[in-house]
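First comes the structure, then the notes that go with it.
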Amino acid sequence: MQRRTLLGAAFAGTALALTGRVPAYAQGLNETALAAALEPLDPAVSGALVRVEGSAGRWRGRAGVGDVRSGSPVPWDARFRIGSMTKAFTATAVLQLVAAGLIELDAPVRRYLPERLPEGYPGTVRQLLDYTSGLRAREIPHKERDWFLEHRFDTFEPGSQVLWTEEPLFTPGEKQVYGNVSYIVAGLVIERVTGRPYADAIRRGILRPLGLRHTYLPGTHTAIPGPHAHGYELVDGEYVDVTRANPSLQWAAAEMISTTADLDRFLTALLGGRLLAPRELQAMLTVPKGGVYGCGLSRLQLPDGREVWGKSGDRPGYNNGMGATRDLSRRLVYSVNTLQMGGDTPAIAGKIMTAALS
């Protein structure tokens, strides 16, 4: 299971930069707590960027550096690798195709990919999206440092990550197990029913209607276009720049690049009903018994009983998340630049979540 994180730490010994641009109506936000959540800076992270929006108020914060060599700060409009937050986009695209009549949510996946899956496999499209499909993935240690550094420019074909003919890990629908494999298959379903690359469905159904001009599906391209903080891996005390990488292994599960502003706009439109009709939005927000994930989003209950919906994601050098109360009065998007891939979630994550959404 991939690690799920809310916010990492920031770089020890560097200056903390916090915006003071908080409007008068921001009385609902605890600006002091938000600023304090970015301190003290942790040596496990080189930089952090935080955006809080909503009717309760607005706040921006950044910490550490975007480039350890020049010491320049994290750009306010930094692009970053959003990792598994891509799943929220892919799930939205699938549900838009459900609304259009091209996909049946509770139909067997095999209806769309009969040549890939064994005849007896009963898993449905819905079970792909809510992680109950039971499909097996190839064992690829993509979050282990040595493997990543050796293979980060390799190209992987969509579907090569899936053990198509293996028995499922469990009977589909029996339990929820988080992972990338179901979303790789969901991307292939999109391509089968549209006859076009899955990225086109996301561009046409989400990016263009919302004007998300700084959100990208890079395919096999290795660079992050536009201003960005560098991602690093700390190896024997040396900073190894891991910003450039071929994300084709992650594809429809975790390949995308975005900004805090674009992600806030996306989550606001999604939960506000601008991207999905009520039936499909309800399907997205339906969590299987015993689970925490709906279709592309996860659910968290705050101490006061309010629900927060969102998604986190990481790639080497980048650890990010977005979340919003169901009424959109409080929304959070963050990105931190971690120095150790696959590491534990820093304690600062809970501080940011509490300060922003409580």
query: Do you know which residues across the range 304-325 are part of a strand (DSSP E or B), over 8 Å from the mean Cα position of the chain (by Cα) and not hydrophobic (A, V, I, L, M, F, W, C)?
result: Glu307, Gly310, Arg315, Tyr318, Asn319, Gly323, Thr325
message: Taking the criterion of being in contact with a helix residue (DSSP H, G or I) (Cβ under 8 Å, 6 or more places away or on another chain) and assigned to a strand (DSSP E or B), would at least one residue in the range 339-346 satisfy it?
response: no
- request: Search the range 227-246 for residues being in contact with a strand residue (DSSP E or B) (Cβ under 7 Å, 6 or more places away or on another chain) and not in a loop (DSSP other than H, G, I, E, B), and hand back the single one that is nearest to Arg81 (Cα to Cα).
  value: His228
field: Residue identified as touching a strand residue (DSSP E or B) at 6+ places or on another chain (Cβ under 7 Å), modelled with pLDDT of 90 or more and either surrounded by fewer than 17 Cβ atoms within 10 Å (Cβ to Cβ) or under 21 Å from Met322 (Cβ atoms) (or both) among Glu39, Glu53
entry: Glu53
- prompt: Consider Trp147 against the criteria (1) closer than 16 Å to Glu233 by Cα; (2) touching a residue at least 60 places away in the same chain (Cβ under 8 Å): it satisfies all of them except one. Which criterion is unmet?
  reply: (2)
- request: Would you point out which residue out of Leu302, Leu275, Leu271, Leu263 is touching a helix residue (DSSP H, G or I) at 6+ places or on another chain (Cβ under 6 Å) and under 20 Å from Gly321 (Cβ atoms)?
  value: Leu275
- prompt: Looking at (1) on the phi < 0 side of the Ramachandran plot; (2) of a type in the set (Ser, Thr, Tyr); (3) not in a helix (DSSP H, G or I), which is the only condition Tyr131 fails?
  reply: (1)
- prompt: Can you name every residue in the range 169-212 that is without any contact (Cβ under 8 Å) to a residue 40 or more places away in the chain and more than 27 Å from Lys289 (Cα to Cα)?
  reply: Glu191, Gly195, Arg196, Pro197, Ala199, Asp200, Arg203, Arg204, Leu207, Arg208
- request: Kindly indicate the residue of the range 169-226 that is closer than 15 Å to Gly83 by Cα and touching an Asp or Glu at 6+ places or on another chain (Cβ under 8 Å) and also surrounded by the fewest Cβ atoms within 10 Å (Cβ to Cβ) among those meeting that condition.
  value: Gly219
query: With respect to Gly294, is the statement that it is under 22 Å from Leu128 (Cα atoms), of a type in the set (Gly, Ala, Ser) and surrounded by fewer than 24 Cβ atoms within 10 Å (Cβ to Cβ) true?
result: yes
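The values are calculated or read from the model by the stated rules, or taken from the named source; none is laboratory data. Just so it is clear, the model here is predicted, and its values are computed rather than measured. Cβ coordinates were reconstructed from backbone atoms using ideal geometry, including for glycine residues, and neighbour counts include every protein chain displayed.
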